[in-house]
Amino acid sequence: MGEMIEVKRPDGGACPAYLVESKAGASAPGFVMIQEWWGLNDQIRGMAERLAGEGYRVVVPDLYRGRKATTPDEAGALMGALDFADAGKQDVRGCVQHLKKGSAKVAVGGFCLGGAVTVIAAVHVPEADASVCFYGIPPVAVADPAQVKRPFQGHFAIIDDWCTPAAVDALEQALGRSGASFEVHRYQAQHAFMNEARPEVFDAACADLAWRRTRDFLARTLR
């Protein structure tokens, strides 16, 4: 189990965040995990605890500042009010800097909304050593993937009307111009296939494969 902490943002403000320390200690590699559009709920806390069990110190910034959604309408309203660039450049960067006080290397990763913020962080957070994006892509005007400089791994659903196959192709082409090492994986599944709390889209086989690929990627890039 983790605890809520206050993380200092680069602009001097504060961001509440859920911290799960690893049994591997305060110098273990770090990971900033970014929520879906539902907010900092039990499901994303569980994902953070699962990754901590793999030997990583995990921080989940509370981008909605305590608010959570239980319906798509609520989630859409909260996501629509979020300043994505601020979330990536301030909340997430502050969390990376917080973990770097003990961890030599820190990655950033997230799901859905958090996937889009992951790309923003991959471009705009120089302290991040690697990024893992699950089915989220921001507008190029906010973060151009061609400017990613550190290792990047992406996981996308083929059945997705937001991060469409064409949008993923464009992301992959931009990453190809970046000079960074990257890999993009596509799954015969629906958007949010990693979320076991949503049985209508959860795909256990695809989720297991994506998790194993993530673990391997983090082991290569952070250890």
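Determine if segment 141-150 includes at least one residue that is under 26 Å from Ser27 (Cβ atoms) and either of a type in the set (Phe, Trp, Tyr) or buried (at least 24 other Cβ atoms within 10 Å of the Cβ) (or both). The answer is no, given that none of the residues of segment 141-150 is under 26 Å from Ser27 (Cβ atoms) and either of a type in the set (Phe, Trp, Tyr) or buried (at least 24 other Cβ atoms within 10 Å of the Cβ) (or both). Here Glu183, Glu172 are screened, and the one residue that is over 27 Å from Met4 (Cα atoms) and crowded, with 16+ Cβ neighbours inside 10 Å is Glu172.
For segment 49-64, indicate whether the set of residues that are in contact with a Cys (Cβ under 6 Å, 6 or more places away or on another chain), under 23 Å from His124 (Cβ atoms) and in contact (Cβ under 8 Å) with a residue 60 or more places away in the chain is non-empty. No, the conditions are met nowhere in segment 49-64. Restrict the check to segment 186-205 and report whether at least one residue is assigned to a helix (DSSP H, G or I) and closer than 19 Å to Arg45 by Cα. So far as segment 186-205 goes, yes, one or more of its residues are assigned to a helix (DSSP H, G or I) and closer than 19 Å to Arg45 by Cα. Exactly one residue among Val132, Val125, Val106 is aliphatic (A, V, I, L, M), under 16 Å from Asp86 (Cα atoms) and modelled with pLDDT of 95 or more, and that residue is Val125. Residue check: is Lys100 touching a residue at least 40 places away in the same chain (Cβ under 8 Å) and either closer than 24 Å to Arg215 by Cβ or surrounded by fewer than 18 Cβ atoms within 10 Å (Cβ to Cβ) (or both)? Yes; evaluated as a whole, the condition is true for this residue.
Looking only at residues of segment 23-71 that are among the hydrophobic types (A, V, I, L, M, F, W, C) and surrounded by fewer than 18 Cβ atoms within 10 Å (Cβ to Cβ), we find that the one that is farthest from Arg93 (Cα to Cα) is Ala24.
The values are calculated or read from the model by the stated rules, or taken from the named source; none is laboratory data. Here the structure is a predicted model, which is why all the values come from computation and not from measurement. As a convention, Cβ positions derive from the backbone with ideal geometry for all residues, glycine included, and neighbour counts pool all protein chains shown.
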